[in-house]
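Every number here is computed from the coordinates shown, using simple stated rules; none is lab data. On a predicted model such as this, the values are computed, not experimentally measured, just so you know. All Cβ positions, glycine included, derive from the backbone under ideal geometry; neighbour counts span all protein chains shown.
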Amino acid sequence: MIRLDLHTTLALAALLAAALPLPASASEVRVGDLIVANAWTRVTPPGARVAGGFLTITNTGKAADRLVSGTSPIAGHVEIHEMTMDGGVMKMREVAGGLEIAPGATVELKPGSYHVMFMDLKSGPMEGKPVAGTLTFEKAGTTAITFEVAPLGAKSPAHGMN
Amino acid sequence: MANTRQGALRSVRLVAWAAIAVLVLAAGMHLLGEAQKAQQSGRALPGAATIGGPFELTRTDGTRFSSSALAGKPYAIFFGFTHCPDICPTTLLEMSNHLKELGDRADKLRVLFVSVDPERDTPEHLKRYLSAFDDRIIGLTGTTQEVAAIGKSYRVFFEKVPSKDGQDYTMNHTASVYLMDKAGSLVSTLSFQEPDEQRQKKIENLLDR
């Protein structure tokens, strides 16, 4: 029988964690003073060329930061967009200069509001296959992130991730 | 002298324009009030006769679709595009759910999804995209002129929004679902922001008329 002492177990666990393909825990990632949590996207209809990504960002620091860009292997490029409703008209625009996260604030990217826009989709998100990506902040830098995939048309993540 | 006269004329013109603005605003407010009353009572909306009208578009199987096929049938019509990350797939899913909820009564309702992006939404592409939703939803596209014409008759706003690099574009567009009665008059609208039950009730009211 093989016996593992505590140090060997920890070392093995660290090795395993490093070898995992997912860049980070899906539910929460810390980058600088920011906490990025509950990242999710959803299944798109066949042939869709775009998808929205949603998450919350909390700024625990003393200075404002900005979400300026992102990448994902599923998309040709990624932009930060805002959707608004104006008298029954849906308006979509890229957030010029990035999305500000004020000190102490939590900004929610959610359906019908701010979102990460996956454009030139190479393959649509599929249920059970988390989507990898990165987000870049003006001050905090770049972090890897994993988007869970909710069903088509879902208005919130598939399973409560809070 | 001339300057004073011109100045006076300008003032008169300003006052006249202000008066017109106030009148237009008042008329708008009145119409809105009437619209709310009408929505509650279920009768046709004021100005409803000016919304809708004949159109010709192309179905996802490439055949032509004429609004004459809708004569005598209540229908729901909404506008969107497939390069839309949020509201269009959400509305398509909601309409699929409403049809399911209606059970046998769904046969009485026609549901039409009209692309405001005919350049990219070819019949084939639209067909593939809509395969994720209830197959009773009729997908329609057409030439730029045909889509512009139906947009005008349904008072639907849409515009292209080019991306920063100018290589791509997204679209702003009217997102409401129009509920039209069997006479082709606008009865009510659905918003993705209202509760599912409320939308379902409005659809059932339409079928009860």
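Observations
- Loop-located chymotrypsin sites (Phe, Trp or Tyr not before Pro) across region A:92-139 with a Cβ neighbour count of 14 or fewer within 10 Å are lacking, with loop assigned by DSSP.
- Amide H to amide H distances under 5 Å link B:Asp121 with no residue, where only residues 5 or more positions off or on other chains count and H is placed in the peptide plane.
- Peptide A:86-98 has a mean of 5 when you count, residue by residue, the C-beta atoms of other protein chains within 10 Å of its C-beta.
- Exposure proxy ranking for B:Lys202, B:Lys152, B:Lys182, based on other Cβ atoms within 10 angstrom of each Cβ and starting from the fewest, stands as B:Lys152, B:Lys182, B:Lys202.
- Only aspartates and glutamates eight or more places from B:Lys202 in sequence, or on another chain, were considered; those with a Cα closer than 18 Å are B:Glu34, B:Glu94, B:Glu101, B:Asp104, B:Asp107, B:Asp181, B:Glu194.
- Computed packing ranks the peptides B:110-119, B:187-196 as B:110-119, B:187-196, most packed first, by mean other Cβ atoms within 10 Å.
- The distance between label points at B:Asp196 and B:Ser68 comes to 4.0 nm (points 7 Å beyond Cα on the Cα→Cβ vector).
- Considering every alpha-carbon pair of region B:88-196, the percent of pairs per 10 Å bin, from zero through the bin containing the longest distance, is 12, 42, 37, 8, 1.
- Over 27 Å [Cα-Cα, region A:23-150], rounded percent: 14
- Across region B:155-164, rounded Karplus estimates of 3J(HN,Hα) from the backbone phi angles (6.51 cos²θ - 1.76 cosθ + 1.60, θ = phi - 60°) give 6, 9, 8, 8, 8, 7, 10, x, 6, 3 Hz, Gly and Pro being marked x.
- Fewest-first ranking of B:Asp86, B:Asp168, B:Asp104, using other Cβ atoms within 10 Å as the exposure measure: B:Asp104, B:Asp168, B:Asp86
- For the set A:Lys155/B:Lys160; B:Lys73/B:Lys127; A:Lys91/B:Lys160, the pairs lying more than 19 angstrom apart at their alpha carbons are A:Lys155/B:Lys160; B:Lys73/B:Lys127.
- In order through region A:130-146: 3J(HN,Hα) via Karplus (6.51 cos²θ - 1.76 cosθ + 1.60), integer Hz, x for Gly, Pro: x, 9, 7, x, 10, 10, 10, 10, 3, 9, 6, x, 9, 10, 7, 8, 10
- Straight-distance candidates among the aspartates and glutamates for linking to B:Lys164, with alpha-carbon spacing under 15 Å and chain neighbours fewer than 8 residues away dropped: A:Glu79, A:Glu82, A:Glu94, A:Asp120.
- Annotation: amide H of B:Thr60 within the under-5 Å range of B:Gly139, sequence separation 5 or more or interchain, hydrogens built in the peptide plane.
- Computed 3J(HN,Hα) for region A:80-87, one whole-Hz value per residue from the Karplus formula 6.51 cos²θ - 1.76 cosθ + 1.60 where θ = phi - 60°, is 9, 10, 10, 9, 9, 10, 9, x, glycine and proline marked x.
- Neighbouring Cβ atoms from other chains, within 10 Å of the Cβ of residues in B:161-172, number 4 on average.
- In this label model, B:Arg128 and B:Tyr169 are separated by 2.2 nm, measuring between points 7 Å along each Cα→Cβ vector.
- Distance in nm between pseudo-label sites at B:Arg155 and A:Thr142 (7 Å out along the Cβ direction from Cα): 5.0
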